[in-house]
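Every read-out reported here was derived from the displayed coordinates using simple, explicitly stated rules and does not represent laboratory data. Remember, it's a predicted structure, so these values are computed and weren't measured experimentally. In this analysis, Cβ positions are derived from the backbone assuming ideal geometry, glycine residues included, and neighbour counts consider all displayed protein chains.
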Ligand SMILES: *[C@@H]1O[C@H](CO)[C@@H](O)[C@H](O)[C@H]1NC(C)=O
Ligand SMILES: *[C@@H]1O[C@H](CO)[C@@H](O)[C@H](O)[C@H]1NC(C)=O
């Protein structure tokens, strides 16, 4: 299970799995913000959130408060989460899956009403980076955690890749390209399951901590993707980012052999594991 004890031919397989985890700001999105949305005018200054008609919140998904649904609609998201409550072979709310991710509203003591809307998206093998553009994609999960201490456990099937972020206090918006303008988590389940935090969309985003069974932690300073330049808030082009301090137990850090880009994260939970994510 522990990657660094594997023979090198297996390590190569693990590289293939780990480098599927995206850098969240792809080059083409930086240069062509409307590429995802062929119905929009192509001016780079167009604010898609103003153009997109709001989606209906007459029937909020199970677990999503109506006011949170309204907020998602107002900032230009494409839709509310599916929030499937039964095993759909992918990502669902429930505790019967092989991989369980428990997300906790970990606001500071005294900040009891700091609301969180958890957003989880699925990345199909053919998707690439598109999956995280919430102006163009409906998330698998959007779940309200309105009070400090609120938590939800999400099941993930094996062989699934995806990511998450969160909207805080009805303040977090989409970036100019349509991603959530905050800290991201990224994961792939199954063989060589890997999880990490990425700050590439917004280096000034809210803090998250991911705890993997057996001991690896990904947070704002460990097993985390960051922009190399202290002068930028967002990055993603080749050579502009790095993976920091991902070298402890169950932690994996490599250069992708084809691109030379950093890759890796917390492993040790292949084909099943209980992950804790604190949204602080
Ligand atoms: C939930 O998943 C089940 C099983 O795959 C499927 O039949 C159902 O249509 C899904 N529900 C929604 C709302 O997507
Ligand atoms: C994203 O958030 C950062 C601060 O966290 C802010 O400086 C930046 O302007 C925001 N970007 C957009 C497009 O709102």
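Looking only at the range 218-235, which residues are under 19 Å from residue 186 (Cα atoms) and free of Cβ contacts under 8 Å to residues at least 12 places away in the same chain?
Listed by number, the list is empty, since nothing qualifies.
Just the residues that are surrounded by fewer than 22 Cβ atoms within 10 Å (Cβ to Cβ) and within 12 Å of residue 168 (Cβ to Cβ), please, taken from the range 114-143.
114
Restricting to strands (runs of 3 or more DSSP E) lying wholly in the range 147-197: which have 1 or more residues that are out of contact with any helix residue (DSSP H, G or I) (no Cβ under 8 Å at 6 or more places or on another chain), away from ligand 1 (no atom under 16 Å from the Cβ) and closer than 14 Å to residue 117 by Cβ?
It comes to 151-156, 161-168.
Just give me the residues in the range 218-243 being outside any loop (DSSP other than H, G, I, E, B) and either surrounded by 18 or more Cβ atoms within 10 Å (Cβ to Cβ) or within 16 Å of ligand 1 (Cβ to nearest atom) (or both), in sequence order.
218, 224, 225, 226, 227, 241, 243, listed by residue number.
In the range 71-88, how many residues are over 19 Å from the mean Cα position of the chain (by Cα) and either assigned to a loop (DSSP other than H, G, I, E, B) or surrounded by fewer than 17 Cβ atoms within 10 Å (Cβ to Cβ) (or both)?
Selection size over the range 71-88: 5.
Right, residue 146: over 16 Å from residue 275 (Cβ atoms) and surrounded by fewer than 18 Cβ atoms within 10 Å (Cβ to Cβ) or not?
When the stated conditions are applied, residue 146 passes them.
Can you find a residue in the range 188-209 that is in contact with a strand residue (DSSP E or B) (Cβ under 8 Å, 6 or more places away or on another chain), more than 13 Å from ligand 2 (Cβ to nearest atom) and free of Cβ contacts under 8 Å to residues at least 40 places away in the same chain?
yes
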